[in-house]
Amino acid sequence: MLPFNKNQTLVTGAFNGEINLLSASGKFPYLEVMGIGNLEAAVQLSDYLFKNRNINHIVFFGSCGAYEWSEIPIGSFVSPSRVYTKELSHVLKLAKQIPESPEFYELVPNKSFQTAKCNAPTTITLTELKQPPVDTWKNFEIENLELFGIAKVASKFSVTVTAYLAVTNLVGPNGSSEWAKNWKTLSESLQNKILSDI
């Protein structure tokens, strides 16, 4: 894990299963679940940072699906360098997406992990995506549901973010069932890897 001041760092995840071993270790004085999805994570994090003004860095633990064209295998651990929120319904011309400003947020990746560019839409992708649906999606490698909300709020508070994500599935129609089968084992492996590095 990147060097950090434990008295100024929030360790978080979407739900307890993503940070339970870190919590049990007693090594992190600021550790809190923020909820599932960009909106819930953003609301909870905003409230938390208002109450804990000493926090200057966030370490987010979670899971993600890999887009097939990225060739990132299930079972990998990645540390994203950038996060977007692009909706598939927009590129398929089923809806119009409200533009985000800025379009993306830079993260502080741990470069001892594979880095990746993350897309964090508000919905889970159920469509088969063998190839990028449009050219602008070519650089997206993974999909997570909370990281854009976390990064947006962190930016407002001038707080930096490092994320560690377990790749639990390929994005597509079987993503949710693959996630359900894999998340627990991979989350525990990721947490144990971090604990062994501290």
Return the residue satisfying two criteria in turn: it lies in the stretch 24-48 and is among the small types (Gly, Ala, Ser) and either touching a Lys or Arg at 6+ places or on another chain (Cβ under 8 Å) or closer than 22 Å to Val78 by Cα (or both), and of such residues it is surrounded by the most Cβ atoms within 10 Å (Cβ to Cβ).
-> Ala41
Any residue in the stretch 31-49 that is part of a loop (DSSP other than H, G, I, E, B) and over 20 Å from Ile142 (Cα atoms)?
-> yes
State whether one or more residues within the stretch 152-160 are part of a helix (DSSP H, G or I), touching a helix residue (DSSP H, G or I) at 6+ places or on another chain (Cβ under 7 Å) and open to solvent by 50 Å² or more (accessible area, probe 1.4 Å).
-> yes
Within the stretch 114-142, the residues that are open to solvent by 20 Å² or more (accessible area, probe 1.4 Å) and touching a strand residue (DSSP E or B) at 6+ places or on another chain (Cβ under 6 Å) are Gln114, Lys117, Asn139, Glu141
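Let's see how each residue does on (1) surrounded by fewer than 20 Cβ atoms within 10 Å (Cβ to Cβ); (2) in contact with a Cys (Cβ under 9 Å, 6 or more places away or on another chain):
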residue: Phe77; (1), (2): yes, no
residue: Val83; (1), (2): no, yes
residue: Lys86; (1), (2): no, no
residue: Ile98; (1), (2): yes, no
residue: Pro102; (1), (2): yes, no
residue: Glu106; (1), (2): yes, no
Inside the stretch 54-75, the number of residues satisfying the requirement of being closer than 16 Å to Asn182 by Cα, open to solvent by less than 50 Å² (accessible area, probe 1.4 Å) and either more than 14 Å from the chain's Cα centre (by Cα) or among the aromatic types (Phe, Trp, Tyr) (or both) is 3
Residue within the stretch 122-131 that is of a type outside the set (S, T, N, Q) and closer than 12 Å to Ser63 by Cα present = no
Matching residues, the stretch 173-197, being open to solvent by less than 50 Å² (accessible area, probe 1.4 Å) and either without any contact (Cβ under 8 Å) to a residue 12 or more places away in the chain or under 16 Å from Ile142 (Cβ atoms) (or both) = Gly175, Glu178, Asn182, Leu186, Ser187, Leu190
In the list Lys6, Lys51, which residue meets the criterion of being surrounded by fewer than 16 Cβ atoms within 10 Å (Cβ to Cβ) and at pLDDT 95 or above?
-> Lys51
Pair list, Cβ under 7 Å, 6 or more apart: the stretch 20-31 residue at pLDDT 95 or above, other residue of a type in the set (D, E, K, R) = Leu21/Glu188; Phe28/Lys6; Pro29/Lys6
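The values are calculated or read from the model by the stated rules, or taken from the named source; none is laboratory data. Computed from a prediction, not measured in an experiment: that's the story for all the values here. Ideal geometry is used to build each Cβ from the backbone, glycine not excepted, and the neighbour counts take in all protein chains shown. To get the accessible areas, we keep the full protein, side chains included, count just its heavy atoms, and leave off ligands, DNA and RNA. Shrake-Rupley method; radii C 1.70, N 1.55, O 1.52, S 1.80 Å.
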